[in-house]
1. In terms of modelled amide H atoms, which long-range or inter-chain residues lie less than 5 Å from the amide H of ALA168?
2. For the range 61-69, what does the Karplus curve 6.51 cos²θ - 1.76 cosθ + 1.60, with θ = phi - 60°, yield as ³J(HN,Hα) per residue in whole Hz, taken in order and with x for Gly and Pro?
3. For the full complex of protein chains and a 1.4 angstrom probe, list TRP233, TRP207, TRP158 by accessible area with the highest value first.
4. Considering only protein heavy atoms and a probe of 1.4 Å, how much of the accessible area of the range 89-244 is carbon and sulfur, as a whole percent?
5. Where does each of 12-22, 59-69 land if you order them by average Cβ count within 10 Å, highest first?
6. Can you pull the one-decimal nm distance between simple spin-label points at TYR147 and LEU53, each 7 Å off the Cα toward Cβ?
7. Could you calculate the contour length gain from ARG161 to ARG90, that is, 0.36 nm times the residue separation minus the distance between their Cα atoms, to one decimal place in nm?
8. Using θ = phi - 60° and the Karplus relation 6.51 cos²θ - 1.76 cosθ + 1.60, list the HN-Hα couplings for the range 260-269 in order, rounded to whole Hz, with x at every Gly or Pro.
Amino acid sequence: MQRAAKYSVSIDGEDVSSGFVAVLTSITVKDAAGKTSDTASIEVDDAGGSISLPRVGAQIEIGLGWDAPVVLFEGVVDEVKSTGSHGGGRMLSISAKSADTRGKLKQQEEKHKDKGTLGEVAQSWGKDAGLTDVKIHADLAKIERPYWSMDGESFMGWASRIAAENGATFKIMGKRAVMTPRSAGQSASGKPLPKITAEYGVNLISWSMSPTISRPAFKKFERRFYDPAEAKWKREEFEAREVGTGIEAVSSDRFAAADKDDAKRGAESSEKEADRDKGGGSVSIDGEPLAQAEAECELVGARPGIDGTYRIESVTHKYTRGGGYTTDLDLKQPKGEAGKDSRKSEPATKAPSGDASGRNNSALNTTGSGGSAAA
């Protein structure tokens with residue numbers, strides 16, 4: 001039975017989905033864990049010039065789904081571009097990003113605050129930058145430093161730096177911002193993100209995975225700080241969770257930490273990043289609106305040693321005329337059975353039956369009806 005993929009587009013609060021029925025060629029939404037701003041793009045066939053140009057800075061919401069569209073993107077129109085050639089047709093491209101940098105978000109500032117928590121400082125400085133809501137995960141909000149400073153940085157730059165120093169991800173969505181721990185699989189409110197399954201023969205379209213890579217391997221991670229009581233430099237260390245045979249290298253951060261606690265968090269953050277980078281790859285599945293960066297994805301049915309649980313680094317949702325709705329996942333941080341194949345070496349056996357892609361239904365194709373496609 002075919003499923004109908006559906007989309008929705010709202011500009012400045014007005015649902016304009018029906019206006020795209022005859023001209024839409026693609027919608028792409030990208031959510032990446034290490035990026036401050038998500039991005040989106042809409043491509044339309046502009047042969048008749050029937051779509052009025054949206055203004056740069058217009059509020060835009062984009063949804064994708066099956067039974068009904070799920071809002072996957074909130075932001076502002078960043079660029080509108082027309083392309084064409086004699087005899088080659090005309091196309092209109094609408095690009096958007098979740099962070100509106102026309103205001104004070106990118107304005108460089110010189111600020112400081114003596115003693116305070118990250119939650120307090122981020123809320124105050126975020127409000128100054130034009131944000132209405134800054135949610136900091138409870139584990140991060142309570143971090144306290146004797147001195148906070150914004151040294152010729154924008155709020156976006158400062159928050160991104162602080163997030164990186166504390167093993168977190170910072171992201172802006174319209175007038176809202178969130179900061180969450182990396183690799184925790186939680187939202188800013190502390191709720192777990194939904195786990196995604198990519199299963200051969202069910203929703204898995206393709207994969208390219210390397211669950212074990214030797215390059216990011218270190219024995220331990222360290223960061224230095226200055227102890228004013230003893231008037232000397234000291235170091236905090238964090239051991240790697242898994243140390244392979246022959247791994248002797250030590251990773252040292254070039255920048256000093258504010259104090260002992262900050263140094264400890266920085267060393268732990270570096271270890272977490274190395275753990276994420278020890279392996280991964282990419283998979284493509286039937287459209288999955290619940291997929292989010294930082295959530296987990298369980299790969300099932302690819303092969304022993306490849307199957308297992310991974311962390312989603314980025315998600316790309318794509319809807320195309322003639323191709324339907326698919327979701328591409330960049331995966332990192334293999335866990336469980338990923339990278340482990342304990343079988344003894346044996347002659348090759350007959351491959352399982354089924355088509356090469358593992359799809360359980362026919363190719364995707366559009367229906368031509370308003371805001372939907374068949375899959």
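The values are calculated or read from the model by the stated rules, or taken from the named source; none is laboratory data. Remember, predicted model here, so these are calculated numbers, not experimental data. Positions of Cβ are backbone-derived with ideal geometry, glycine not excepted, and every protein chain shown enters the neighbour counts. Protein only, heavy atoms only, side chains kept; ligands, DNA and RNA dropped before computing areas. Shrake-Rupley method; radii C 1.70, N 1.55, O 1.52, S 1.80 Å.
1. Answer set, sorted by chain and number: ARG182.
2. 10, 10, x, 9, x, 10, 5, 7, x
3. TRP233, TRP207, TRP158
4. Carbon-and-sulfur percentage of accessible area, whole number: 49.
5. 59-69, 12-22
6. According to this spin-label approximation, the distance is 5.0 nm.
7. 21.4 nm
8. My calculation for the range 260-269 gives 4, 4, 5, 5, 5, 5, x, 5, 5, 4 Hz in order.
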